[in-house]
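One structure is given below, encoded as structure tokens.
The values are calculated or read from the model by the stated rules, or taken from the named source; none is laboratory data. Please read these numbers as outputs of a predicted model, since none were measured by experiment. As a convention, Cβ positions derive from the backbone with ideal geometry for all residues, glycine included, and neighbour counts pool all protein chains shown.
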Amino acid sequence: MSRPEGIQLMEGNHACAWGAIDAGARFYAGYPITPSSEIAEVCARELPAYGGTYIQMEDEIGSIAAIIGASLSGKKSFTATSGPGFSLMQENLGVGIYQEVPCVVVNIQRVGPATGLATQPAQADVMQARWGTHGDHPIIAISPASVQEMYDFTIRAFNLSERFRIPVILLGDQVVGQTYENIALPDPGSLEIVERKKPTVPPEEYLPYQPDENLVPPMAAYGDKHILHASSTCHCETGYSNFKYGTNRQLLNRLKNKIYNYLDEIIDVEYFGPEKAEVTLVSFGSASRVCKYVVGLAEKEGIKVNLLRLISIWPFPDREVQEALAKTGACVVAEMNQGQVINEVNRVNTTNTPVHLASGIDGELIRPEIIMASIREAVK
Amino acid sequence: MAVKLNYREYFKEEALPLMWCAGCGNGILLRAITDALADLEIPPHQVVVSTGIGCWGKADDYMTTHAFHGSHGRALAFATGIKLGNPDLHVIALMGDGDALAIGGNHFIHAARRNIDITAIISNNFTYGMTGGQYSPTTPLSYKTTTSPVGVAEPAFDVCGLAEECGANYVARSTVYHVTQLKRFIAAAIQKKGFNVVEAINTCPTHFGRRNIPGDTVEMMKYIKDIGMPRSRFEKLDEEEKNKYLLTGELVNRERPDFLSVYREINPAASESGRGEGK
Ligand SMILES: Cc1ncc(C[n+]2csc(CCOP(=O)(O)OP(=O)(O)O)c2C)c(N)n1
Ligand code: SF4
């Protein structure tokens, strides 16, 4: 198939695959799982024509390992999965973070734990995305709410991963993954595509983990004369293992600071509805679409409601949430889980604004009446 | 005339002393690999070693080639991506027996089935050296380890038999006692396309030897020397006797097409080294 152009009716998972290809992804490794498998199918069909490679690995542990390997060989790489597979990826997600390997992991969330409701949507992997792998680490996760954003945010995920040398999680769900909507595909030439920084020093002077002024080390590829030694053991600038006192502290702090010193480049939120409101909804992903509808419903009942939609989930938009809480009478966090983002909202709630939960755990898009009930509760 | 390469080109001398115990065969195996690379005159930057986690998995600390040291059991999965990301590379996975056959067993059988162009060099010391000598999938039945104090109740994997059955193109077994042979097999495996396995029977005097082989590290080395047997002599043994020995030599050398060759044949555009613009 040739690349679709202009306005197209498209499934979210297909949009994600095309976003990846347009971002320059040339390697996909994965293991099929509903509701993400169409991403693999498009990659299997399309990547060869771009000189790329698709491989179906024996499991998700192998899938994330393979994309990490291919990225170090110089190819933009990604994988896609859902809950059970995302669980299996956690070990090597940490490897990718620690060894600073740009790559994208798409998680089209479904209801868990275990097999749960395997074909139905949830947003219950928010904390797993943050803390699923062991040890201290930063992570970047962004959450699309439409088919258009499945395309746009996949490109953004690649750009962030290349800029910061970190795996980026595209945290979607079954609704955004498998809904068909019209999207506008831009001319690929008009896209802003970020590429990892390559070393500029001669090969004999190259230290693969010596950071640049922005704390990110320039990255050679396997096969370059610049030798790339990437280790999952505590390492110094040479990349070789190093157990001296202080090395671990220095490395972990740099990994954290390379992200947290540059939040302006990462944090993204959307404001919807009146500037001042009695109740502010905080939501993300597909649930935030329902929130937009609920803003109108509430208005009919005479309640002034607005929405703060989190586009970047991790790092958490602390400041934006804090400011919104300070300006509103009450807050309702609408999410398709038993309450995950709400704990982060409460963490930054320095104004003691009342915070309520609207929890959708029924294996479907959260119903407006669940959110309305929490709003009524909040204004009681 | 080009200067002949020496093992020192691949060996990181500043990293000495080796972390391995006195009497451990890992140093011999490392030398055999670096010697083989020098003989083949493959420049270090065209080689990537993907190491497992374990005593043998530390080998990358002493090498000057490109390296990836990832997670326990996953060396082949990382290596698969490394190879497909840049098919011009020589990708060598260095794994212990636990790495390759316990936690990484699934990756091993599928890498062999795909016949992906990777050389797997497995140090088989019959135990988990790094974690203190627990039993592994290659510990011989009834041998003692820290987690089989009265003898292991499970039969051992035949590493080479498994590799052959799953589809590896080249399979050879030698020991760290038979250094010249070991080096020859490693060189052959690196040169050949496809999934190629060299099993190096190795010593672990500290854990395996201490509990099972009476005597010192010299006795451990003798045990290694005697346990290996070439096919000509092995075939003459009766079935019960065969269990006491490990067949050594080049056990498989065939010409199955490797994964990428097949993939490129059926997807002709895929060979344009990632520069294609799509259709
Ligand atoms: C997921 C995981 N489980 C367990 C370990 C602990 N571990 C480290 S090395 C090792 C076994 C090493 O044995 P082997 O692969 O045979 O190599 P050797 O040390 O004998 O060279 C184990 C179990 C780990 N690092 N990761
Ligand atoms: S514990 Fe065994 S395998 Fe590990 S270095 Fe010592 S002798 Fe070698």
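Restricted to segment B:90-136, and to residues that are among the charged types (D, E, K, R) and under 15 Å from the mean Cα position of the chain (by Cα), which residue is nearest to ligand 2 (Cβ to nearest atom)?
B:Asp97
Is it true that some residue in segment A:262-272 is in contact with a helix residue (DSSP H, G or I) (Cβ under 9 Å, 6 or more places away or on another chain), part of a helix (DSSP H, G or I) and free of Cβ contacts under 8 Å to residues at least 60 places away in the same chain? Steps first, answer last, please.
From segment A:262-272, those in contact with a helix residue (DSSP H, G or I) (Cβ under 9 Å, 6 or more places away or on another chain) are A:262-263, A:265-272; that's our starting set.
If we keep only those that are part of a helix (DSSP H, G or I) too, we end up with A:263, A:265.
Imposing the further condition that a residue be free of Cβ contacts under 8 Å to residues at least 60 places away in the same chain reduces the set to A:263.
Yes, segment A:262-272 contains a residue that is in contact with a helix residue (DSSP H, G or I) (Cβ under 9 Å, 6 or more places away or on another chain), part of a helix (DSSP H, G or I) and free of Cβ contacts under 8 Å to residues at least 60 places away in the same chain.
Just one of (1) touching a Pro at 6+ places or on another chain (Cβ under 9 Å); (2) more than 12 Å from ligand 1 (Cβ to nearest atom); (3) closer than 21 Å to B:Lys83 by Cβ trips up B:Ala120, so point out which.
So the condition that B:Ala120 fails would be (1).
Exactly one condition in (1) out of contact with any helix residue (DSSP H, G or I) (no Cβ under 7 Å at 6 or more places or on another chain); (2) under 22 Å from A:Ser283 (Cα atoms) is false for A:Arg165; which is it?
(2)
Give the residues of segment B:61-86 that are farther than 15 Å from A:Gly62 by Cα, more than 7 Å from every other protein chain (Cβ to nearest Cβ) and within 16 Å of ligand 2 (Cβ to nearest atom), sorted by residue number.
B:Tyr62
Looking at (1) farther than 23 Å from B:Ile82 by Cβ; (2) touching a Lys or Arg at 6+ places or on another chain (Cβ under 8 Å); (3) among the small types (Gly, Ala, Ser), which is the only condition A:Ser143 fails?
Condition (2) is where A:Ser143 drops out.
Among the residues of segment B:100-117 satisfying the criterion of being near ligand 1 (Cβ under 9 Å from one of its atoms) and of a type in the set (A, V, I, L, M, F, W, C), which is nearest to B:Leu89 (Cα to Cα)?
Checked segment B:100-117; the qualifying residue nearest to B:Leu89 (Cα to Cα) is B:Ala100.
In the set B:Val152, B:Val198, which member is in contact with a strand residue (DSSP E or B) (Cβ under 6 Å, 6 or more places away or on another chain), more than 21 Å from B:Glu241 (Cα to Cα) and of a type in the set (Val, Ile, Thr)?
None of the others qualify; the one that does is B:Val198.
Within segment A:30-49, how many residues turn out to be crowded, with 23+ Cβ neighbours inside 10 Å and at the interface with chain B (Cβ under 10 Å from one of its Cβ atoms)?
2
A:Ile68: in contact with a strand residue (DSSP E or B) (Cβ under 8 Å, 6 or more places away or on another chain), more than 8 Å from chain B (Cβ to nearest Cβ), of a type in the set (Val, Ile, Thr) and part of a helix (DSSP H, G or I), yes or no?
When the stated conditions are applied, A:Ile68 does not pass them.
How many residues, within segment B:191-217, are more than 16 Å from ligand 2 (Cβ to nearest atom), modelled with pLDDT of 95 or more and surrounded by fewer than 22 Cβ atoms within 10 Å (Cβ to Cβ)?
Looking only at that region, the number is 3.
In segment B:9-47, how many are within 13 Å of ligand 1 (Cβ to nearest atom), without any contact (Cβ under 8 Å) to a residue 12 or more places away in the chain and in a loop (DSSP other than H, G, I, E, B)?
0
Which residues, taken from segment A:208-217, are more than 14 Å from chain B (Cβ to nearest Cβ), surrounded by 14 or more Cβ atoms within 10 Å (Cβ to Cβ) and either aliphatic (A, V, I, L, M) or out of contact with any Phe, Trp or Tyr (no Cβ under 8 Å at 6 or more places or on another chain) (or both)?
The answer is A:Gln210, A:Pro211, A:Leu215, A:Val216.
List the strands (runs of 3 or more DSSP E) inside segment A:278-375, counting only whole elements, that have at least 1 residues being of a type in the set (Val, Ile, Thr) and more than 23 Å from A:Glu265 (Cα to Cα).
Answer list for segment A:278-375: A:279-284, A:305-310, A:330-335, A:355-359.
Restricting to segment A:71-85, count the residues that are in a helix (DSSP H, G or I), closer than 22 Å to A:Ala122 by Cα and within 11 Å of chain B (Cβ to nearest Cβ).
0
From the list B:Leu30, B:Leu18, B:Leu40, which residue is away from every other protein chain (no Cβ under 14 Å), modelled with pLDDT of 95 or more and within 15 Å of ligand 2 (Cβ to nearest atom)?
Going through B:Leu30, B:Leu18, B:Leu40 in turn, just one is away from every other protein chain (no Cβ under 14 Å), modelled with pLDDT of 95 or more and within 15 Å of ligand 2 (Cβ to nearest atom): B:Leu30.
Go through segment B:1-15 residue by residue and tally those that are within 14 Å of chain A (Cβ to nearest Cβ) and aliphatic (A, V, I, L, M).
Count: 1.
Within 24 Å of B:Gly104 (Cβ to Cβ), among the hydrophobic types (A, V, I, L, M, F, W, C), in a helix (DSSP H, G or I) and in contact (Cβ under 8 Å) with a residue 24 or more places away in the chain - does that describe any residue in segment A:21-43?
Looking for residues that are within 24 Å of B:Gly104 (Cβ to Cβ), among the hydrophobic types (A, V, I, L, M, F, W, C), in a helix (DSSP H, G or I) and in contact (Cβ under 8 Å) with a residue 24 or more places away in the chain, one finds at least one in segment A:21-43, hence yes.
Please specify each residue of segment B:200-230 satisfying the condition of being small (Gly, Ala, Ser), within 16 Å of ligand 1 (Cβ to nearest atom) and outside any helix (DSSP H, G or I).
B:Ala200 - this is the single residue of segment B:200-230 that is small (Gly, Ala, Ser), within 16 Å of ligand 1 (Cβ to nearest atom) and outside any helix (DSSP H, G or I).
Of the residues B:Phe126, B:Phe108, which single one is surrounded by 24 or more Cβ atoms within 10 Å (Cβ to Cβ) and closer than 18 Å to A:Asn92 by Cα?
Details: B:Phe126 fails: closer than 18 Å to A:Asn92 by Cα.
Just one listed residue meets the conditions, B:Phe108.
Name the single residue, out of those in segment B:48-66 being under 17 Å from B:Ala36 (Cα atoms) and not polar (S, T, N, Q), that is farthest from ligand 1 (Cβ to nearest atom).
The extreme case among them is B:His66.
Is it true that A:Tyr28 is aromatic (Phe, Trp, Tyr) and within 16 Å of ligand 1 (Cβ to nearest atom)?
no
A:Leu263 is checked against (1) crowded, with 16+ Cβ neighbours inside 10 Å; (2) more than 14 Å from chain B (Cβ to nearest Cβ); (3) among the aliphatic types (A, V, I, L, M) and fails just one. What number does that condition carry?
(1)
State which residue pairs qualify: first residue within 7 Å of chain B (Cβ to nearest Cβ) and within 13 Å of A:Leu72 (Cα to Cα) and inside segment A:225-250, second residue at pLDDT below 95 and surrounded by 22 or more Cβ atoms within 10 Å (Cβ to Cβ) in any location, beta carbons under 9 Å apart, and separation of 6 or more residues or different chains.
none
Please verify whether segment A:106-118 includes one or more residues that are closer than 24 Å to A:Asp264 by Cα and away from every other protein chain (no Cβ under 14 Å). Quick ask: steps written out before the conclusion?
From segment A:106-118, those closer than 24 Å to A:Asp264 by Cα are A:106; that's our starting set.
Now restrict to residues that are away from every other protein chain (no Cβ under 14 Å): A:106.
Yes, the conditions are met somewhere in segment A:106-118.
Condition first: of a type in the set (Val, Ile, Thr) and either over 16 Å from B:His207 (Cα atoms) or more than 14 Å from ligand 1 (Cβ to nearest atom) (or both). Now tell me which residues in segment B:136-151 satisfy that.
Hit for segment B:136-151 is B:Val150, nothing else.
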